[in-house]
Structures are given as structure tokens and as C-alpha cells.
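Laboratory data are not the source of any read-out in this text; all were calculated from the coordinates shown. Not measured: the values here are computed from a predicted model. Ideal geometry is used to build each Cβ from the backbone, glycine not excepted, and the neighbour counts take in all protein chains shown.
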Amino acid sequence: MLGTGWGAILLLLYLTAPFLVIFTLLLLLAFRRGRSLSGAVLGEKAARGMEVAWLMGVGIAWAVINLVSIPWIPWLQPLAATPGQTPSEPVQAVNVEAFMWGYTIDTYEVKAGTVKFVARAHDTIHSLTIYSPRGEILATVMLLPGMREELVLNLVEPGEYVIRCLEFCGDGHSAMLSKFKVVG
């Protein structure tokens, strides 16, 4: 379930819930303290009012940061497409298996266009890093044993692409590479 959008939502809730509970308790305590100022002197009222205002400012900043960061959540990006525009489905799927110290790819040639890489690691942490024919990194994703990762790329430049591991995985790490070719 962690490989799905629901798993990401559960993970987000699991990670943010404790902070949200603590923040809510602090906010309630600040409001309660602010209301119990009936017999307080003017300076004490101002100090407590500043505490409430500061806590509210922190809460508003937290909420704004979380709301503004929503478009960058990877599993929401297909849903964030412009209305009336459907994201194009990958034309080709390439399965990649990472192991010490190599890759198994189910095809050597792919047609230019959208390609979906489905990758898994068998034994330890690896990465799938794809280099263009010019040697530029196009994309990278960490591969954990037992997890399936997907990477969708639009490969339009014909030529030989290189796949390398950027996570140190033992003695043969430096020789861990594979290649595939994009044809027009």
C-alpha cells in the first residue's frame, strides 16, 4: 500500500499528526490563557496577547507552507494537469531489475517518446539514474529492496542512454551500469 497514493496520504498523516496535535493543544492553551486575563495588569495582558498572536502566526505559516507545497507532491502531479487535458499514457514500459552489481533490462531498444521505467532492487539499496547521450543526468530514483518504483520520461533524443547506480552498493558499485538505445 505504501507504493500507492493512499500509502503516501497515510504516511503524511502519520508524520504530521503528532505536530498537528501538539500545535492544536498549544493554541488552545494560549487562547484559554488569553481569556483568563480579566484581573491582569495592562503589561501582562499585552504579553499574553503577543503569545497568542505569535502562536497564531506560526500556525498560519505552517498551514500556508503545507498548502503551497501540495503541487510538488509526486503522486498528486498527474491530478494537477490542466482541466480538459489528460496526461498522456506511456507508450512503452521498460522493466529494470537492479542487483549487485548490474541491471537486467527487458529491452535494449525503445522508440523515441514517452517511456515508463518500472524498477526494483533485489538485494540492497541501489539507484536507477538515467544519463542522456550527452552525459547529462535526466532522472534518478532510489531503489529499495521489495519496493517498486516508476519513472516516466519523455525520451526524444536518439542515441545510447546509460543507466548507472549512484547509491554505493559494495565493491563492484563503480562497474554497475547498463545501456539502452532510443531510436527514432
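In region 105-118, which residue that is touching a residue at least 40 places away in the same chain (Cβ under 8 Å) and outside any loop (DSSP other than H, G, I, E, B) is farthest from Val183 (Cα to Cα)? Show your work before the answer.
Kept after step one, since they are touching a residue at least 40 places away in the same chain (Cβ under 8 Å), are these residues of region 105-118: 105, 107-115.
Going one step further and asking which of them are outside any loop (DSSP other than H, G, I, E, B), we end up with 105, 109-111, 113-115.
Values: Ile105: 16, Glu109: 7, Val110: 6, Lys111: 5, Gly113: 10, Thr114: 12, Val115: 12 Å.
Result: Ile105.
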- Item | Residues that are within 14 Å of Phe117 (Cβ to Cβ) and not hydroxyl-bearing (Ser, Thr, Tyr), drawn from region 148-164 | Arg148, Glu149, Glu150, Leu151, Val152, Leu153, Asn154, Leu155, Val162, Ile163, Arg164
- In region 119-134, which residue that is of a type in the set (Ser, Thr, Tyr) and assigned to a strand (DSSP E or B) is nearest to Glu167 (Cα to Cα)? Ser127
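Can you tell me which residue is farthest from Leu151 (Cα to Cα) among those in region 88-133 that are among the hydroxyl-bearing types (Ser, Thr, Tyr) and surrounded by 14 or more Cβ atoms within 10 Å (Cβ to Cβ)?
As a first pass, look at region 88-133 and keep what is among the hydroxyl-bearing types (Ser, Thr, Tyr): 88, 103-104, 107-108, 114, 124, 127, 129, 131-132.
This time we only want the ones that are surrounded by 14 or more Cβ atoms within 10 Å (Cβ to Cβ), so: 103, 114, 124, 127, 129, 131-132.
Working: Tyr103: 16, Thr114: 10, Thr124: 19, Ser127: 12, Thr129: 10, Tyr131: 13, Ser132: 15 Å.
Filtering first and then ranking leaves Thr124.
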- Query: What's the number of the condition Leu143 fails, among (1) crowded, with 18+ Cβ neighbours inside 10 Å; (2) in contact with a Phe, Trp or Tyr (Cβ under 9 Å, 6 or more places away or on another chain)?
  - Reply: (2)
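How about region 136-175: which of its residues are in a loop (DSSP other than H, G, I, E, B), over 17 Å from His126 (Cβ atoms) and not aliphatic (A, V, I, L, M)? Can you show your working first?
Going residue by residue through region 136-175, those that are in a loop (DSSP other than H, G, I, E, B) are 136, 144, 146-147, 156-158, 165-172.
Subset that is over 17 Å from His126 (Cβ atoms): 136, 156-158.
Hits for region 136-175 are Glu136, Glu157, Pro158.
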